[in-house]
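Nothing in this text is a laboratory measurement; each read-out follows from the coordinates by a stated rule. Since the model is a prediction, treat every value here as computed from it, not as a measurement. Heads up, the Cβs are rebuilt from the backbone with ideal geometry, glycines too, and the neighbour counts pull from every protein chain shown.
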Amino acid sequence: MLASTTASTLTLYRHVLKAATKFPSKNRLGIVAEIKTEFREAKGVTDGEVLRKKLQLARDGLDRLRAFSGLDQGSAKWEVSLKGPYDGT
């Protein structure tokens, strides 16, 4: 099970980084650096509940990054639909 969790976490990490590099922000490089730091700091987490929450937060962040990354930056009208905020549970 640990190997599958590690593989899925690595896949999630790659997807989050890819979406962050397309995020329309002047602080894009800072966002990417923060993502890398967060994942590195969480590398040693062994508590299953804490890990589950961190992974859910990363999935929610990925949804938000993807929602904004696909926007036409030249357009005067942007519409974004999000599932809802991460509630910490």
Count, please, the residues in region 25-53 that happen to be polar (S, T, N, Q) and either under 17 Å from R64 (Cβ atoms) or touching a residue at least 60 places away in the same chain (Cβ under 8 Å) (or both). 2
How many residues of region 34-51 are under 21 Å from A19 (Cα atoms), assigned to a helix (DSSP H, G or I) and of a type outside the set (F, W, Y)? The answer is 7
